[in-house]
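I have placed the structure first, in the form of structure tokens, so that the comments after it can refer back to it.
Where a number appears in this text, it was derived from the coordinates with a stated rule and is not lab data. All figures in this text were calculated on a predicted structure; none of them were measured in a lab. Glycine gets a Cβ as well: all are built from the backbone with ideal geometry, and neighbour counts include every protein chain shown.
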Amino acid sequence: MIPNQFGIVGLLTFIRAAETDPSLVSLALGQDLTALGLNLNSPDNLYLTFAGPWADTPCRPQDLDYHVPPEYLINGSIREKLAPLRLSRYKEDLLFYLFYCFVGDVLQIAAAAELYNREWRYHMEEKVWISQAPGMPMVEKTTTYERGTYYFFDAHNWRKVAKEFHLDYSKLEGRPQLPPHV
Amino acid sequence: YDDPPGLQDKTENLLREWRNVLLSPLTEIEIAQNFNLYVHRMNMNGILKSDDMITRFFRIATQKCIENVYQLLNDDRVNPPPTPVKKEKYYSMCDSFIKLVSLLIKNTADSGNPTPKLNLLNKILGIIAGWLLTDHEEHGSNFQQLPYHRLLLVLFLDMNMAEPVLETINYQVLTAFCHTLRIIRPNNASGFCYAWLELVAHRAFINRVLAVTPQQKGWGMYSTLLIDLFKYLDPFLRNTELAAPVMMLYKGTLKVLLVLLHDFPEFLCDYHYGFCDEIPPNCIQMRNLILSAFPRNMRLPDPFTPNLKVDLLAEISLPPRAVINYATILPSSQFKKDLDAYLKARAPVTFLSELRSNMQVLNDPGRRYNSQLMNAVVLYVGTQAIAHIRSKGQTPNMSTIAHSAHMDIFQNFTVDFDFEGRYLFLNAIANQLRYPNSHTHYFSCCLLYLFAEANSEAVQEQITRMLLERLIVNRPHPWGLLVTFIELIKNPIYKFWTHEFVHCAPEIKKLFESVARSCI
Amino acid sequence: PLNSEHQLQFQMMEAAFYHMPHPSDSERTRLYLPRNICQTPIYYNQV
């Protein structure tokens, strides 16, 4: 057989190197390209929301550049004069918008904290917001779970949906913590 | 040099005035009115009286924007702020200056006369590029990419707004930016390489250069920019110098190629040859990614279909999309003349015995063969072979490709070259195994023919190794590669499983069997 | 093999690696709600 790197033995040596020197191998055995943050099965083009070669997630709606009349834009000179955001003043609809559109941003956590204040709870497994449905009796309640009818916030159809559910308390997120500097 | 006295201060004052103009709450109309007033002020200051003065104004203003960012970055380094920095502060001077530049460009001369606008655009782009290269040289590892990235990005977004005055010059604007990106390509400004790729891969830039520019007139420019990137990465990847900075740029490049594979596969189909000419042979996944592209209107038959009759596929007789310019990849030379003569007359036989020395490179450390010449010869001879077979009213298959001047040359590569030369030759062939087209079909037959007719098991081992190393990589895998390998292991005339190298080690044996299982 | 020019290029690349472009660098300035990146719980929507 060929005794150097151009034969099968050379390739075999390379494959065995995979266990010891992953960086050496990353060019040739490559990596799982589906894990680079791109939705390769998307029926739509990726480039319009491509957040760049270093980003792990696509652009959010507000990151995209489209023409907006200057009247809609907040001018630098008055920005500091505007009232600060006070989430307690906003309706749930806006809070859910901030939660789902400001992913990876302080605002997502701030919106979550305000929803928590309003007795919504985030189900960490189902990845949905749940709240008690007023007037609907509890079917069963123990120290670790309860069963009854609850409101779910359906982000795809953007509305509250009542559903019976077995609610395991351990799956509910505690009070969201804002980063210290906020 | 020789700036008129006071120009620096004048420029500084005008920039400050302009920022104040922008800071008052404005509508589109008011911005336009205030802009005209401001232009009058510029005129009063003599800024617009000559091309030279505008150039000086732009140069000084650009320098002040850059200095402003360096100053802010330096301040934050010396006195780190308590809370995470809001990036906007770095942008404001650059953004307001570019707003002024964009308005000057759009309002220079009437919309029917694009030349003054483009002159102004090229001027500012040249100044930004010039400062970048100068600064890169002077600051060394303290060079900061941020101000240049910001100036170029915002200028590109402004110049591509949906406005009638810009729509008439979109293509010239794009050309100006592509030229600028070439001037500041990573090989010229290594410290700007990440921002450079961020600009080249920016959604607005990709949209303009690949999607909305008519007749795909931007594709050639974009391929040149990507080749610049591959040229820059080449020495680091070839030497597997994969420190974090290189790995970051490599992964970023993979991501951009994935977006192109998903959204513009025809672009990768058309320019695959130039890309694979630059990508080092050990970057197998990156090369597979490019070779896996196929036109979106094509439905690829599942390569694992039992008894798939590749030569009966309609597309298999059609040439691939891209028209390769052979004069570029195989410039006329004595060698090219001898090659054409041999292809025509299948003589003199000395051409074959001199082939290896023509492919070899002397006194170039780490390189013994001119792999780019080899790639070109393989593609050229293969294309000529297809035409030759067609001219006899036949179609390429295992018998029509044999006993010809073309096959003489390929067999010479396998017989007369050493292991490295043969590896590079086989790579050149495998780089043509893509989606169903006449090249994929011819080169697939060619590889299988060379395997069947090999005069030594070493040749068969190298063909197998070259195929295998392309198959054991993470996906994607080119269609032509899969169908060729499946044919090799399934068709008993190749006696594949009888070879010692198939059973040389448990991992290899297991590998072949797993590939065979997925194939069969 | 890498030559001295490549070594110099690598040094410049490495220096740039420590201040990579920030997503905001590639977006128009958003004054009212600027990007305020923070690591949100992984079980929150990331896209």
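The fewest-to-most ranking of B:Glu461, B:Glu17 by surrounding Cβ atoms within 10 Å reads B:Glu17, B:Glu461. Take the alpha carbon gyration tensor of the range B:368-410, find the square roots of its eigenvalues, order them as a ≥ b ≥ c, and report rounded if a/c is under 1.5; if not, report prolate when a/b exceeds b/c, else oblate. Verdict is prolate for the range B:368-410. Each residue, B:Asn34 and B:Glu241, gets one label point 7 Å from its Cα in the Cβ direction; the gap between the two is 5.0 nm. Counted by Cβ distance under 13 Å from C:Gln11, the other residues give a net charge of -3, where Lys and Arg count +1 and Asp and Glu count -1.
With each label modelled as a point 7 angstrom along the Cα→C-beta vector, the A:Gln31-B:Gln372 pair spans 2.9 nm. Extent of chain B along its three principal axes (Cα atoms, max minus min coordinate, largest first): 85, 52, 47 Å. Globularity index of the range B:301-455 is 1.05 (Cα radius of gyration / 2.2 N^0.38 Å, N = number of residues).
Compute the distance from the alpha-carbon center of the range B:270-323 to that of the range A:85-140, in whole Å. A separation of 49 Å, based on Cα centres.
So what does the Cα-only Debye profile of the range A:1-101 read at q = 0.10, 0.23 Å⁻¹, as log10 I(q)/I(0), no solvent term? Computed log10 I(q)/I(0) values: -0.61, -1.22.
Footprinting exposure proxy ranking of A:Phe14, B:Phe413, B:Phe236, fewest other C-beta atoms within 10 angstrom first, gives A:Phe14, B:Phe236, B:Phe413. By other beta-carbon atoms within 10 Å, ranking A:Tyr72, B:Tyr271, C:Tyr18 with the fewest at the front produces A:Tyr72, C:Tyr18, B:Tyr271. For B:Glu137 and B:Arg16, a Förster radius of 45 Å and the Cβ-Cβ distance give a FRET efficiency of 0.90, rounded to the nearest 0.05.
Computed from Cα positions, the angle between helix C:4-17 and the longest principal axis of chain C comes to roughly 20 degrees. Shape class for the range B:35-74: oblate, because the ratio a/c of the largest to smallest gyration tensor axis (alpha-carbon atoms, square roots of eigenvalues) is 1.5 or more and b/c is at least a/b. Going by the alpha-carbon gyration tensor, a ≥ b ≥ c the square roots of its eigenvalues, is chain A rounded (a/c under 1.5) or, if a/c is not under 1.5, prolate (a/b greater than b/c) versus oblate? Oblate, since a/c reaches 1.5 and b/c is not below a/b. Karplus-derived 3J(HN,Hα) values for the range A:54-59, using 6.51 cos²θ - 1.76 cosθ + 1.60 with θ = phi - 60°, are 9, 8, 9, 9, x, 5 Hz; glycine and proline are entered as x. Between B:Trp497 and B:Leu48, the distance separating the two model label sites (each 7 Å from Cα on the Cα→Cβ line) works out to 8.3 nm. Roughly how tilted is helix A:8-20, in degrees to the nearest 10 and between 0 and 90, from the longest Cα axis of chain A? Between the helix axis and the principal axis of chain A, the angle is about 40 degrees.
Taking 0.36 nm per residue of separation and subtracting the Cα-Cα distance, full extension of the segment from A:Ala17 to A:Tyr90 would add 20.5 nm.
What does the net charge come to around B:Leu379 if you take all other residues with beta carbon closer than 13 Å to its beta carbon, with K and R at +1 and D and E at -1? It would help to have the intermediate numbers written out before the result.
Values: positive: B:Arg434; negative: B:Asp277.
Around B:Leu379, the surrounding residues sum to 0.
When each of the peptides B:73-81, B:135-143 is scored by the mean number of other C-beta atoms lying within 10 Å of its residues, the order from highest to lowest reads B:135-143, B:73-81. Taking the empirical scaling 2.2 N^0.38 Å for compact globular proteins as reference, the protein assembly as shown has a Cα radius of gyration ratio of 1.13. Kirkwood analysis of the Cα pair distances in chain C returns a hydrodynamic radius of 14.3 Å. Per residue of C:4-14, other chain Cβ atoms within 10 Å of the residue Cβ number 6 on average.
Counting only Cβ charges, +1 for Lys and Arg and -1 for Asp and Glu, the dipole size of the protein assembly as shown around its Cα centre is about 920 debye. The tail of the calculated P(r) for the range B:212-370, taken as Cα-Cα distances beyond 19 Å, holds 68 percent of the pairs.
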